[in-house]
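These notes concern the structure reproduced below.
What follows draws every value from the coordinates through simple rules; no lab data is involved. As the structure is a prediction and not an experimental result, all values here were calculated from the model. Because the Cβ atoms are built from the backbone with ideal geometry, glycine has one as well, and the counts that use them run over all protein chains shown.
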Amino acid sequence: MSGGPILNQDGRLVGIIGRATRDGNGIESFGAIPIHEYQRYANVGFAPPVRNTPRPRTRPRNTPLPRNISPANFALAKTLNGHSNLVNSVGWSPDGRFVASGSWDKTIKIWEVGSGRLVRTLNGHSNDVNSVGWSPDGRFVASGSDDKTIKIWEVGSGRLVRTLKGHSDWVWSVGWSPDGRFVASGSRDKTIKIWEVGSGRLVRTLKGHSDWVRSVGWSPDGRFVASGSGDNTIKIWEVGSGRLVRTLNGHSNTVLSVGWSPDGRFLASGSSDKTIKIWEVGSGRLVRTLNGHSNTVLSVGWSPDGRFLASGSSDKTIKIWGLRE
C-alpha cells in the first residue's frame, strides 16, 4: 500500500499521538497531527499485521497507552533526502534496520535508518513506482509500477531477480504472502494476480472487480487475499481455489486501503468517502464505521495485539482508534 501512517516492524508508529477522546460508539480517537510533522514516540508500539516471523517486542498487551503525551516528548528521528519526485510508498524491513521507498522518479531506494545513509538505488522501472513491500525474511523487495510490471529485487546485492509481467495496466499494490512464496498484485486492469516468486509463474488471476484494484492484503494465515477497489467494494478471495468468498459493500467511494487484524477475524478498510470501516470477515458483517477524517483515508494499519488501528488521510492527519475495554 501507499500513503498514510508509516508503521515499522519493530512496533513503532512514526507520529505524534495526542490526548484521547471517545465518541458515542465507545471508539477512542487520539488527537490527530499533521503528516508533515511526523515524529517518533519511542514507547508507543504499532506495526503491520503479524506474519509468520518472530513477533516484535512491544509493550505488554494490557498496558494502556499514555493519556498525557506532550509534544515536548517528541523529536524528529530522521529525514531521508534523495528522491527527485513524489515518494508514493514506504516499507520497513522485518528487522527494522532499513526502509525501502518507491517514487515517481521511477526508482526504489534502500535506506539505513540508524545513520540515514542511502544504501542502494534500484533502477529498472520505466514509470512511476506505486508500491513497495519487503519479503518476510527481509532478503527481497517487491515493487509495483505504472509500467505494468512487478519487480523482485535482492536487497543485499541490488540485483533484479525477476520481472513479473501480465497486468495490462498500472500496478497499484503489491503484497507478500506470510510464507514469502507468493506475491499478490492489484492493478488498474481490475484484477488481482497471484505470483509464485521462485519461478515467476502466474498462479492465478482473480477477476470480479468492476474498477481499479487499489489495495491488496494477505490474511495472517495466508489462505485469503482481500482487495479494495474503485468500485467501492472489498472482496475476499480464497487463494488456493481462486474462489470469491465474499464481497463487502458499504463504502460510498473508492476503497484505497485494506488491513487484516492480527487474528484474521476482522478487516479494516479506508476509503475516499472519508471513513474507516471494520468488517467481521467470517460473516461479512459491518461491525463499525469510524468517522472523523475530513478527507480521503489513504491507509489503515492494526497494532500487533489488535487493540488499536491507525489511519492516515489526505486531511494531513493520522488518527489512532482504540476499542474501549
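Applied to the range 185-200, the Karplus parametrisation 6.51 cos²θ - 1.76 cosθ + 1.60 on θ = phi - 60° returns per-residue 3J(HN,Hα) values of 9, x, 9, 5, 7, 6, 10, 10, 10, 10, 10, 8, 5, x, 9, x Hz, with x for Gly and Pro. By the compact-protein rule of thumb, 2.2 N^0.38 Å, the alpha-carbon radius of gyration of the range 251-325 corresponds to a ratio of 1.00. Across every pair of non-identical alpha carbons in the range 164-204, the mean reciprocal distance, once inverted, gives a Kirkwood radius of 10.2 Å. Couplings for the range 143-151, taken from phi via the Karplus curve 6.51 cos²θ - 1.76 cosθ + 1.60 with θ = phi - 60°, read 9, x, 9, 5, 7, 6, 10, 10, 10 Hz in order; Gly and Pro are left as x.
Listed cross-link partners LYS274/LYS319; LYS148/LYS274; LYS274/LYS316; LYS109/LYS190; LYS109/LYS151 are compared with a 18 Å cut-off, the Cα-Cα value being larger for LYS148/LYS274; LYS109/LYS190. The amide H of SER187, built 1.01 Å from its N in the peptide plane, has TRP172, VAL213 as neighbours under 5 Å, considering only residues 5 or more places off or on other chains.
Between LYS316 and ARG265, the modelled labels are 3.9 nm apart [label points 7 Å from Cα along Cα→Cβ]. How many angstrom lie between the Cα centre of the range 191-209 and the Cα centre of the range 234-265? That distance is 16 Å. The share of alpha-carbon pairs in the range 146-226 lying farther apart than 16 Å comes to 48%.
Shown in residue order for the range 254-261 are the 3J(HN,Hα) couplings computed by the Karplus curve 6.51 cos²θ - 1.76 cosθ + 1.60 at θ = phi - 60°: 3, 8, 9, 8, 10, x, 7, 5 Hz (x for Gly and Pro).
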